[in-house]
Each structure stands twice: as structure tokens, then as C-alpha cells.
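Each remark here refers to the structure printed beneath this line.
The values are calculated or read from the model by the stated rules, or taken from the named source; none is laboratory data. It should be emphasised that the depicted structure is a prediction, and the values quoted were computed from it without experimental measurement. Counting neighbours? That spans all protein chains shown, and the Cβs are built from the backbone with ideal geometry, glycine included.
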Amino acid sequence: MKIAYIVNTYPRPSHSFIRREIRALEAQGHQVIRLAMRADAAPLVDPGDRAEAAATLRVLEQGAGALAGACLAAPRARMWQALKLAAACGMRGRGGTPGTGGIARHMIYLAEAAFVARHCVAQGVTHIHAHFGTNSATVAMLAHMLSGIPYSFTVHGPEEFDAPRALSLGEKIRHAAFAVAISSFGRSQLMRWADFADWPRLKVVHCGIEPARFDDPAPLPPGRGRMVAIGRLSEQKGQMLLIEALALAVKQAPALHLTLVGDGELRAPIEAAIAANGLGSHVRLTGWLDEAGVRAELAAAHALVLPSFAEGLPMVVMEAMAAARPVLATAIAGVPELVLPGETGWLVPAGDVDGLATAMVALEGTAPERLAAMGAAGRARVLDRHDVAREAGKLAALFAQP
């Protein structure tokens, strides 16, 4: 099969799961054309991301002339139908959260879709797949209207679940060959916005890891209570609450140490909170790291901590479990489908600073042998549920359906 993947901004450091999925499909003999609306403004650290950037066609960089020409070349009847659909979605997007649209923005999506449709027809694409149910899925839906090529999309959350009406999730599901959620929780959220008749086309395909990259997990390091948190420094990831909880926990467990991997708009406030709480010797910030750097930080930790307020099912949880590290996480979205309290880690209510602090103290007080057993159980669970080759095979089978 020849599949076109559509992502708004690609590649990005946080989108390594898309890269792995594409490469797994290619390893199974399928051709994948990468189409992004734009490039990421941040520098790419990982060599794999830089290679993906070189293989990706960025639509907006083709210029207004190319997009206008694609609109003029589209069959009139199809363009009229796509225009009406874009306008209807734009009306729903008015007054929504930033990025959900408005009519003017949807006219841009229509122009992008016209270019995508023309390119896909010329390349002999048999299926269009978008990642995220936001504007990338809008472009995929409109490209389907203009070309007749079937499309699908993967919803990750939480952004799509924050504004389902403004993003026209139900409309996108209605026109799609199928829609994918990355967890059972995610599928349940799609069921809220899809017509009952469309429920059979809502599928669960997990994001995957490459087991070979974790074939020899490092033993737990000496000492106790070394934690790593990995992700964009932003409100939804909960790092500010994590610093607050750590300030409470070190009073009972002074050996606790936290490494924050990632960067983002909250770096300065987080650094200020670290200083205000006297945690300079307990916290280290690394900025973004490549995959090898992330694996090294996991190897140096006793556990991953995920204090997020909103998620889908984070890749960092899967990678930590594959590296045989217990996970301390908030009980949100799809996380409880993977992290089992007492077996593979700890779950605490989101936003509960005292509960998070208590779990950190428990982590520091857990015997190394028990931590190793929890890590081994987590590794077995994630390898059974999240092998990228197996999950890509499920996706390919869906692409092949008439």
C-alpha cells in the first residue's frame, strides 16, 4: 500500500511515536509519504528527527501559488462539497479554543487539503492517515472530499477532548473510513461525539515501542529515590505541582532527587519554584535530549514520575516500563490501563499534591528488590501490549480494508 501521513507540525521531539509507527509500516513493505503543514520552529536534536525532516514535504512552504493552483485544478463538484464542509466546520470552530478555527482558518485548511489531494493522486496514494484530531484531521477529511481517497485519523488527547465540538470530531468520524484511539479511554471519549452507527469504526491501536531498543535494561542504580520526569514543561504536564510535592516529600525522604527532561514555556517559573523551595540540590533540568539521552536518564533513575493533569497515554510511560523502571503517575486518561498500582508502580489522583508527596516518600522507602520486581512486571506488560511492529500491523490491516 501507499499511505500518506498528515501531521500539522512534523517532526517534533515529542512525536517520536509517529516516526516509529511510520518506520514499522515501511519495514512491513508499505510506502509512506510524509506531509506536514509546517516545520517545527525548535531545533531538532535527535538524528532520527532530522532524517524525518529531510523526508517530509511541508505544504505551506510550497507557497500560495501552489496552493491556489491546486484549488483551481480540483473538480468543481468536489470543491463545492469540500467548501461547504469546511465552512460548516469553521462555524463550529468559532469561539473555540485557539487552533480550532473559524471560517477564515478553515479556508486555509481547504487550500492545504487541495494541495494534499492533488499530490496524493499524483503519487498514487491509496489511503490518507492523519495524526491528531485537530487541523491535520480536518485537512485529511477535506483532501478525501476532493480526491475520493479514503482517510482515517488517530486521536491522542487531551487537546481533542478539550474542544470536541469546535474540532468537529463527530463530523470527522462520520466521513472517515475509521478513527483510531490510542487507549480504551480514548475510544470511550470518541464514542461520546460519534453517532452510535459509527461506533464500530472506532478502533484502538496503541502507540508502540521498539523492543529491540530496550533488549538489555540497566539494573537499578545505587541509592534510593532518584526520579526522572520527561516531557514539555507546560501547565498540563503538572511539573509545578511536582516541585510543590517534592518540597513536602524531602522533609521525610531527604535522598529524593528529580531530573526534569524537556523544555517549554514554564521553564522560568519552574526554575523560580525550585529556588524558592530550596530544592537546588534535589532537582536537575536537562532540556530536550535525544533518544539515547532519554534512555540514559531512565537508566540512572529508580522510577519515572508523571504528574500530568491531562494526557492521552504517554510514550514516556511505555519507555520507562520497557526500561524496567516503575512508574509513579496520576490516574488519568489511559494511564491506568498500563500502570497497575502495587504491581508496576503507583497511581495518585491528579492535582493531589499531598498524595503525590506521599507516593514519592513510599518510592524512596521501597526496597531495591521490590522496585526491581515492579520494573520487571512493567516491562513484561508493556512489551505484551505496545510492540510497535504488532500495532503497525493492526493499522495496516485497517488501511487495507475496502
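Tabulated values for the structure
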{"quantity": "In the range 218-231, residue nearest to the chain's Cα centre (by Cα) [restricted to those that are crowded, with 17+ Cβ neighbours inside 10 Å and on the phi < 0 side of the Ramachandran plot]", "calculated": "Ile230"}
{"quantity": "Residue identified as surrounded by fewer than 22 Cβ atoms within 10 Å (Cβ to Cβ) and of a type in the set (Asp, Glu) among Glu210, Glu112", "calculated": "Glu210"}
{"quantity": "Qualifying residues in the range 157-171 (those that are buried (at least 18 other Cβ atoms within 10 Å of the Cβ) and not acidic (Asp, Glu)) - the one nearest to Gln189 (Cα to Cα)", "calculated": "Phe161"}
{"quantity": "Subset tally (residues that are within 16 Å of Met227 (Cα to Cα), crowded, with 20+ Cβ neighbours inside 10 Å and out of contact with any Pro (no Cβ under 6 Å at 6 or more places or on another chain)) for the range 357-383", "calculated": "5"}
{"quantity": "Any hit, the range 273-287, residues being within 25 Å of Cys207 (Cα to Cα) and over 17 Å from the mean Cα position of the chain (by Cα)", "calculated": "yes"}
{"quantity": "Tabulated pairs, the range 322-345, first farther than 21 Å from Pro158 by Cβ and of a type in the set (S, T, N, Q), second at pLDDT 95 or above and in a strand (DSSP E or B), C-beta under 9 angstrom, 6+ apart or interchain", "calculated": "Thr344/Val327"}
{"quantity": "Per-region count, the range 187-222, residues under 23 Å from Val261 (Cα atoms) and in contact (Cβ under 8 Å) with a residue 40 or more places away in the chain", "calculated": "12"}
{"quantity": "Wholly enclosed helices (runs of 4 or more DSSP H) of the range 22-104 bearing at least 1 residues in contact with a strand residue (DSSP E or B) (Cβ under 9 Å, 6 or more places away or on another chain) and touching a residue at least 40 places away in the same chain (Cβ under 8 Å)", "calculated": "47-55"}
{"quantity": "Candidates Gly133, Gly157 - the one that is touching a helix residue (DSSP H, G or I) at 6+ places or on another chain (Cβ under 7 Å), assigned to a loop (DSSP other than H, G, I, E, B) and modelled with pLDDT under 95", "calculated": "Gly157"}
